[in-house]
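The structure appears right after this line, and notes come after that.
The values are calculated or read from the model by the stated rules, or taken from the named source; none is laboratory data. Bear in mind that the values here come from a model prediction, so they are computed numbers and not experimental data. FYI the Cβ positions are ideal-geometry reconstructions off the backbone, even for glycines, and counts take in every protein chain you see.
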Amino acid sequence: MSLKISRRTFIKGSIAAAGTVVAGTGISGPDFAAAGPLSDEKQEPLSTLLDIRKCIGCEECVHACREVNAAKYPEPRKPFPKMYPKTVPVQDWSEKRDVTDRLTPYNWIFIQHASVTHNGEKMELTIPRRCMHCDNPPCVKLCPWGAAKQEKNGLSRIDADLCLGGSKCKNVCPWSIPERQTGVGLYLDLLPALAGNGVMYKCDRCYNRLEKDELPACIEACPENVQSIGPRSEILEQAHSLAKEINGYVYGEHENGGTNTIYVSPVPFDQLNAAIEKGKGKPHLAYTKNMMADGTNLSRAMLIAPLAGLAAAFGKFYLKSKEDK
Ligand code: SF4
Ligand code: SF4
Ligand code: SF4
């Protein structure tokens, strides 16, 4: 099946009849670069589709992400301040920047491996993992400092200038995606011993590249066109069409109330989830309920929103006055 959308409406998120040809191989491609600047108008979320069958585990996406985003990585100040209470853990990845087999503050995408037998066929599958960019992200809604934000195109990111590293975002993320680096960020100036403990880092969907009409680095670098990017409705249509064609399965459409990272696999996701290595920096692939449908989280988010706005405004004011000195 092939779908058609225009370059312009592709960015704006509405569906059009003419334009870039979108085949089963993906909505993204060279045409993306000509799409025009991101609009300020409310957009349909920009989603990605990952066709797990195509991934060969070459890690080109991982290295492209590290190269393109290196300037955003933390450069911690040492020695680290002593924290009170002493149970607050120091998390230092600055001497382990080369680690690529899990998520770290210096590695925002990694490849998971699964050896499975499905319908009598033995398969070795490799799965690129990073932030799911949830539709209604608890990391954003429950960040008390207004440091995590969701852009109009649906991507979520953490402002390293405002984050205090308290890791609320990680605690409320169903996949525990954000990773902390100690010894960097605003907490060093404000309350070095008593608040936060660094800055949280995760995939920001290459927001600065998108602003320049460039593809996220991991999508551009992939030799197998594993990932496609486009308006969520288009991506979902493509995902279901592909799943039907291969008798496969979809993940990310309903998890945590819906995400903008949609996987299609020839193997059921509970089987993949059982086969992958999970744990610190290695997210699961299980079904997860909508964290923001929980009454406590919902009322917390309503309470936090105005305070987080004030905290973010204070943080920005503080940084500006520091710059002006
Ligand atoms: S670059 Fe593409 S094929 Fe290689 S590991 Fe990443 S997603 Fe898979
Ligand atoms: S996957 Fe986690 S870090 Fe990413 S948007 Fe969802 S809640 Fe936030
Ligand atoms: S979208 Fe950008 S930041 Fe996110 S994993 Fe891909 S290259 Fe890294």
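Side notes on the structure shown:
- Selection of first residues in region 62-74 that are within 16 Å of L210 (Cα to Cα) and of second residues that are buried (at least 20 other Cβ atoms within 10 Å of the Cβ), restricted to Cβ pairs under 6 Å at least 6 apart or on distinct chains, gives the following pairs, ordered by first then second residue: A64/A217; A64/C218; C65/W108; C65/I109; C65/A217; C65/C218; V68/A217.
- Residue pairs whose Cβ atoms lie under 6 Å apart, sitting 6 or more positions apart in sequence or on different chains, and linking a residue in region 182-198 that is buried (at least 18 other Cβ atoms within 10 Å of the Cβ) to a partner that is at pLDDT below 70 and not β-branched (V, I, T), are Y187/A195; Y187/G196.
- Filter result for the condition that a residue is within 21 Å of A64 (Cα to Cα) and out of contact with any helix residue (DSSP H, G or I) (no Cβ under 8 Å at 6 or more places or on another chain), over L210, L191: L210
- So L236, is it part of a helix (DSSP H, G or I), of a type outside the set (F, W, Y) and buried (at least 22 other Cβ atoms within 10 Å of the Cβ): no
- Search result, residues across region 279-325 that are in contact with a helix residue (DSSP H, G or I) (Cβ under 7 Å, 6 or more places away or on another chain), in a helix (DSSP H, G or I) and not hydrophobic (A, V, I, L, M, F, W, C): N297
- Within region 300-320, residues that are among the β-branched types (V, I, T) reach partners that are at pLDDT 75 or above with beta carbons closer than 9 Å, at six or more positions or on different chains, in the pairs I304/K141; I304/L142; I304/C143; I304/P144; I304/G146.
- Selection status of R130, among the basic types (K, R), more than 28 Å from C58 (Cβ to Cβ), in contact with a strand residue (DSSP E or B) (Cβ under 8 Å, 6 or more places away or on another chain) and surrounded by 24 or more Cβ atoms within 10 Å (Cβ to Cβ): no
- Single residue of G154, G165, G146 found to be over 19 Å from N273 (Cα atoms) and within 11 Å of the chain's Cα centre (by Cα): G154
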